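Single-structure report; data block below.
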Amino acid sequence: MKSGSVKAFFKDRTRIGWVAVVVLAVFFATIGDPTYIHLGSLVAIWALWGSSFNLIWGYAGQFSLAQVGFGAVAGYSVAILTARWGWSFWAAVPLAIALTVLFSVVVGYFSLRLSGFYFAIMTLAFALLVVRVISSSELAGRSTGIKSNFDIGTISLGPLEWNLTSRTGGFVLLAFVLLAAVLAFIGRIERSGTGWALNGLREDETLSRSLGIEPLRFRLVGFMVSAVIAAIGGILYATYLRYISPGFFGLPAVIAMIALVVLGGRGFRFGPVLGAVVYIGITQWLEVGGEWGDGVFGALLILLVLFAPKGLLGIDLRRLRRRAEPPPPTDDDEPVAARPVPRRESQGVKA
Amino acid sequence: MTAEVAPGEVLLECTDLVRRFGGVAAVDGVGFGLRAGEVSALIGPNGAGKTTVFNLLSGFLAVTSGSITWRGRDITSAKATARAGSGLVRTFQQPRVFAALTVHQNLVTATHAVVPSRVSADLLGLPGARRRARQRQGFADELLDRFDLAVHAEVKAGDLPYGLRKRLGLVLGVAASPRVLLMDEPAAGLNDAEVELLKQDLATIRGSGVTICIVEHHMGLIMSVSDRVMVMESGRMIADGTPAEIANDERVVAAYLGQGATA
Amino acid sequence: MSSELFLQALVNGLMLAALYALVALGLTLIFGLLDVVNFAHGQLILLGAYVLSSIVDIGANFWVALPLVVVGLVVLGVVLDMALFARVRDEPINGLLISLGLVAILENAFHVIYGPDLRRVAPPIDAVIDVAGIRISGNRLLVIVVTVFVLVALSYFLRRTRTGKAMRATAEADEAAGLMGIRVERIRHIAFAAGAGLAGLAGVLMATVYPIEPSLGEGPLIMGFAALILGGSRSPLGAVLGAVVIGMVQSFGTTYLSSSLADVLVFAFLILILFWRPQGLLRARLETAL
Ligand SMILES: Nc1ncnc2c1ncn2[C@@H]1O[C@H](COP(=O)(O)OP(=O)(O)OP(=O)(O)O)[C@@H](O)[C@H]1O
Ligand SMILES: [Mg+2]
């Protein structure tokens, strides 16, 4: 292949994203070393959680802190159904996801009328409410949690056996396949009328309403879809660790989820993947800064917010190279940086 | 653009509209009808209540009392989005565009009313979703051509100069496929060349069968494009007639002189 | 016996209310004047507690350490605002994100320096006071007394001093305040510094009652936000009243149910209030009263 055509292939950022996901999946799933299986699982799970938040914030403009709570509802549902009530894993998963979606509708009903700070705190209150309910429930194992040795088993694909058991390469592959499916799904939303409507609502709610775009309807849909994504992440997390406890779903998890989306680039489909790689890379893998890993990550977050608020994918290399020239026209696939948490809209329309 | 409308049929009608803010009645007993095919103007001094009337008609503000009918149906308490979806569309006095999206993306977003999203089809990726996505693109391209915006297609709307932003705001309203288009001061802040362009746009829009109601301070524009002029002062309608009648109406002249008229 | 339980819950509730009031006031100043939702507030509380323990460990007297910690946090507040938050004023969400970065850094620092173990500070007051049959530890009383003192001082500051009045004007309408010749940026630095100082004070007071551990700041942070919302989010008086409500709900919930269920009650209450009255419990009339 000529280098020119390679270059052309990679001109499209989406393709780079897909190649990166495939490379990560193959790398982590085949290397066989427990450390890398651990890292790979975490990257995929955090990328999923990040994608959930990215969809609701980066695309729909709603700074929802409830995503971790959705993950908790799903993870605990599966754990309780299998470990306590003897359900099979595959029967428990659909019910868990359905319950999570139901919960997201409740949260949405209460919160979607609010905006800005109020929306953020309302959703945070729900997330923390879930954690507190869990830690006071005997069924959910209170603060100790539930041992959940899920038996996912193996899938036979013709002559191939795909072992999905946690802490194997097969599990890592499963996590990445689910991540890829979610990313493809988000891509579909991006190109659809629903995606345009969410875009419009994020940019200017009043203008959108004047064009017939119903805020509640589309935001609720965004909320439900993001809850499904968070649910997949939560279930995978519980499956991977073979254990679930309220400690996973507290404020620190909320913060990490936000931080990795900002780091990768809010509103970029593959932003959370990059964010998760950097997050896990710094704090767990390369151990950059030794015991100061989290601090280095925090400092990196601050630096990006100050100097490149669109995140790593939002850094325009061409512009950096050619400072003097006027800004180049933007790529088709370049999304819009999420607007700040809007302040409360006053009633009616200012003339 | 679906159903045929008999010329002269009253599309939008309001009666005894009242809207109070605190104790002040910004709109105080206004009533009129808009006939299909007509270009009407709503004028009046600053603070007369024109924008408030538009906010009431388009559903962005609730009426204190009075009623609004749209093609014979009572829509007094219908949602703004439902009104826009059924063809009653408004634009804004301050140019409103999706600042961070390109002009083309702005138009695609605005085609929502023409090509409504079926959420389930979008999420499931049914063939209809793809077809509608193509329809949207096609419709947006057509508008780019029709309003000479193609050269700016890939520019971020927020980076456009004021005049173009104002124009894009108007075209967004057109993209929503209105039967009646309420325009709030489309000429405000435009230079003479841009006003000329606006006149052409108005002709184009009218030519496509859209009924127009304009709030404006630009008298030259009003007198040359409208069939009918309504005048408001302090929340009340003080005159309603042809441009020629209005130009000679004493109360209108008094209202404007009292305010220091903008011609 | 049950009336004794009730009184105990009441006193505990008052103490929690006092702590949450200090936190919520700081959050209100920062949100009201800078539009920043400061998630790092919990870590500033913890910083106050840890630094206090270090100073006391060196052998200093508690009463010497207290002002040192508060002054230190005020200075840190000015530095943080000038170096970081002032650079993202036009995008409040970025202020929130920066505060998240600070959370990660401070949390990490505490972990490295102090480890996960509980630390205790020798309580400054040894006495247990016996009032009508209930025993109140002198330290809990101290929390309440110091907070009341600070509230009175702050109220005087906001109402009577030039800087305080300028702060209120800026919170109402920053542009107008700027036009009137108020140095708005300076006022904002002061607001952040005051917020940080209040957080430090809350940390010091908490250290006299609770053992210091890495998650000590999380509870007050969340409850501080809740109090802020209940109080209408931009009103100092409202924040204090919100803190009283939440402190009481939590204390009585803990006494009669369990601590987790008490939190459930608080969050459920917060959700309902946000849903029914997003403007907070208070009417606008009271908002200007302080
Ligand atoms: N949301 C609102 N709250 C309070 N008062 C309002 C509101 N909107 C409009 N008003 C008041 O109602 C009156 C009419 O305002 P409106 O904007 O309708 O005037 P207008 O005729 O559009 O004026 P202009 O030509 O300056 O645009 C004004 O006195 C205005 O202050
Ligand atoms: Mg107006």
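Quick check on the stretch B:59-77. Is at least one of its residues farther than 19 Å from B:Gly173 by Cα and of a type in the set (Lys, Arg)? Within the stretch B:59-77, one or more residues are farther than 19 Å from B:Gly173 by Cα and of a type in the set (Lys, Arg). Listed by first and then second residue, the pairs with beta-carbon distance under 7 Å, at least 6 apart or on different chains, first residue in the stretch B:58-75 and part of a strand (DSSP E or B), second of a type in the set (Asp, Glu), are B:Ser65/B:Asp16; B:Gly66/B:Asp16; B:Ser67/B:Asp74; B:Thr69/B:Glu13. Residues in the stretch B:48-60 that are closer than 20 Å to A:Glu205 by Cβ, more than 8 Å from every other protein chain (Cβ to nearest Cβ), within 11 Å of ligand 1 (Cβ to nearest atom) and within 12 Å of the chain's Cα centre (by Cα): B:Phe54 alone. Candidates in the stretch B:120-131 are the residues that are facing chain A (nearest Cβ under 10 Å) and touching a helix residue (DSSP H, G or I) at 6+ places or on another chain (Cβ under 6 Å); of these, the one that is surrounded by the fewest Cβ atoms within 10 Å (Cβ to Cβ) is B:Gly125.
Looking at A:Glu325, A:Glu291, A:Glu334, A:Glu345, just one residue is more than 21 Å from the chain's Cα centre (by Cα), at pLDDT below 80 and either within 7 Å of another protein chain (Cβ to nearest Cβ) or farther than 30 Å from A:Arg113 by Cβ (or both), and that residue is A:Glu325.
Residue pairs whose Cβ atoms lie under 8 Å apart, separated by 6 or more positions or on different chains, with the first residue in the stretch B:89-110 and over 14 Å from B:Leu164 (Cα atoms) and facing chain A (nearest Cβ under 7 Å) and the second among the acidic types (Asp, Glu) and more than 16 Å from ligand 1 (Cβ to nearest atom), are B:Ala100/A:Glu203; B:Leu101/A:Glu203.
In summary, no helices (runs of 4 or more DSSP H) completely within the stretch B:153-263 bear 2 or more residues that are within 13 Å of ligand 1 (Cβ to nearest atom) and in contact with a helix residue (DSSP H, G or I) (Cβ under 6 Å, 6 or more places away or on another chain). Within the stretch B:45-57, being more than 9 Å from ligand 2 (Cβ to nearest atom) and either open to solvent by 20 Å² or more (accessible area, probe 1.4 Å) or assigned to a loop (DSSP other than H, G, I, E, B) (or both) holds for one residue alone: B:Pro45. A:Ile213 passes every criterion in (1) part of a helix (DSSP H, G or I); (2) open to solvent by less than 10 Å² (accessible area, probe 1.4 Å); (3) within 14 Å of chain B (Cβ to nearest Cβ) apart from (1). When you check B:Thr81 against the structure, is it of a type in the set (Ser, Thr, Tyr) and within 16 Å of ligand 2 (Cβ to nearest atom), yes or no? Spelling it out, it is not the case that B:Thr81 is of a type in the set (Ser, Thr, Tyr) and within 16 Å of ligand 2 (Cβ to nearest atom). The helices (runs of 4 or more DSSP H) found entirely in the stretch A:8-100 that carry 2 or more residues being surrounded by fewer than 21 Cβ atoms within 10 Å (Cβ to Cβ) are A:13-30, A:34-53.
Can you confirm whether the stretch B:10-23 contains a residue that is touching a helix residue (DSSP H, G or I) at 6+ places or on another chain (Cβ under 6 Å) and either under 21 Å from B:Val225 (Cα atoms) or polar (S, T, N, Q) (or both)? No, every residue in the stretch B:10-23 fails to be touching a helix residue (DSSP H, G or I) at 6+ places or on another chain (Cβ under 6 Å) and either under 21 Å from B:Val225 (Cα atoms) or polar (S, T, N, Q) (or both).
You will find that of B:Glu185, B:Glu233, B:Glu216, the residue that is open to solvent by less than 20 Å² (accessible area, probe 1.4 Å), farther than 26 Å from B:Thr102 by Cβ, charged (D, E, K, R) and within 16 Å of ligand 2 (Cβ to nearest atom) is B:Glu216 and no other. Restricting A:Ala180, A:Ala184 to residues that are surrounded by fewer than 21 Cβ atoms within 10 Å (Cβ to Cβ), in a helix (DSSP H, G or I), aliphatic (A, V, I, L, M) and free of Cβ contacts under 8 Å to residues at least 12 places away in the same chain narrows the list to A:Ala184. Has the stretch B:86-97 got at least one residue that is more than 16 Å from ligand 2 (Cβ to nearest atom), open to solvent by less than 20 Å² (accessible area, probe 1.4 Å), part of a loop (DSSP other than H, G, I, E, B) and in contact with a Leu (Cβ under 7 Å, 6 or more places away or on another chain)? Scanning the stretch B:86-97 turns up at least one residue that is more than 16 Å from ligand 2 (Cβ to nearest atom), open to solvent by less than 20 Å² (accessible area, probe 1.4 Å), part of a loop (DSSP other than H, G, I, E, B) and in contact with a Leu (Cβ under 7 Å, 6 or more places away or on another chain). Exactly one residue out of B:Val63, B:Val103 is at pLDDT 90 or above and within 16 Å of ligand 1 (Cβ to nearest atom): that is B:Val63. Of all residues in the stretch C:53-95, those that are open to solvent by less than 20 Å² (accessible area, probe 1.4 Å) and hydroxyl-bearing (Ser, Thr, Tyr) total 1.
The values are calculated or read from the model by the stated rules, or taken from the named source; none is laboratory data. Predicted model, so just to flag it, every value in this text is computed and none were measured. As a convention, Cβ positions derive from the backbone with ideal geometry for all residues, glycine included, and neighbour counts pool all protein chains shown. Accessible surface is based on the protein model in full, side chains and every heavy atom, while ligands, DNA and RNA are left aside. Shrake-Rupley method; radii C 1.70, N 1.55, O 1.52, S 1.80 Å.
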